[in-house]
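One structure is given below, represented as structure tokens, and several questions about it will come after.
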Amino acid sequence: MINRLAVSLLLLAIVLGCGKREHEVAPVLANLLGTWQLTKPDSSFAVTIQFTYDNRNPPIDITPFLASGKSSVNDYTARMFATVDGTMQINEVVSTEKAGSGAAKQFEQEYLANLATVVRFESPTATQLYLYHGGPKPGVLVYKKL
């Protein structure tokens, strides 16, 4: 009877353990982690973006990230999703509301609008990141890794 119980518990542990697996993230996606500084289209402001894993949503086919950074005036946060083929979506972009110069506020408004319309990323080297965006003026945001 004790042997039967031990075998049953062992089988139960094996079955429950089979459903758990470590989620591996492709190197191209893992390279996104860290802090990046905007270099183009305008690097006169110290604009940054930082990507971290969204630990509440483990990666399967799409890897979720949390993004945060400093724009020309305000801090901002966003949710981001990326895939191995370079598809990217950034949504729920929110920022603080500090006062700033007219030029800095105009730059920030355009930057956050472009960030919200990102559709693709490319990282030609470990220290370069291109975020391609749509919107009224499609273009590319170019970053260097800090």
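The values are calculated or read from the model by the stated rules, or taken from the named source; none is laboratory data. Since the structure is predicted, the reported quantities are computational estimates derived from the model, not experimental observations. Glycine gets a Cβ as well: all are built from the backbone with ideal geometry, and neighbour counts include every protein chain shown.
Looking only at residues in the stretch 51-63 that are crowded, with 17+ Cβ neighbours inside 10 Å and part of a strand (DSSP E or B), which one is nearest to the chain's Cα centre (by Cα)?
F51
Now for a separate question. Out of the residues in the stretch 111-129 that are buried (at least 17 other Cβ atoms within 10 Å of the Cβ) and not hydrophobic (A, V, I, L, M, F, W, C), state the one that is nearest to M88 (Cα to Cα).
R120
Can you tell me which residue in the stretch 74-109 is modelled with the highest pLDDT, limited to those that are crowded, with 17+ Cβ neighbours inside 10 Å and in a loop (DSSP other than H, G, I, E, B)?
Out of the qualifying residues, it is N74.
Return a yes/no flag: does the stretch 90-100 have any residue that is in contact with a strand residue (DSSP E or B) (Cβ under 9 Å, 6 or more places away or on another chain), within 21 Å of D54 (Cα to Cα) and of a type in the set (D, E).
For the stretch 90-100, residues in contact with a strand residue (DSSP E or B) (Cβ under 9 Å, 6 or more places away or on another chain), within 21 Å of D54 (Cα to Cα) and of a type in the set (D, E): present.
Which residue out of T48, T39 is surrounded by 13 or more Cβ atoms within 10 Å (Cβ to Cβ), within 20 Å of Q128 (Cβ to Cβ), more than 16 Å from the chain's Cα centre (by Cα) and modelled with pLDDT of 95 or more?
T39
I need the full set of residues from the stretch 38-50 which are out of contact with any Leu (no Cβ under 8 Å at 6 or more places or on another chain), under 22 Å from S123 (Cα atoms) and assigned to a loop (DSSP other than H, G, I, E, B), in order please. Working first, answer last.
Narrowing the stretch 38-50 to residues out of contact with any Leu (no Cβ under 8 Å at 6 or more places or on another chain): 39, 42-44, 46, 50.
Filter once more, keeping what is under 22 Å from S123 (Cα atoms): 39, 42-43, 46, 50.
Passing the criteria: D42, S43, A46.
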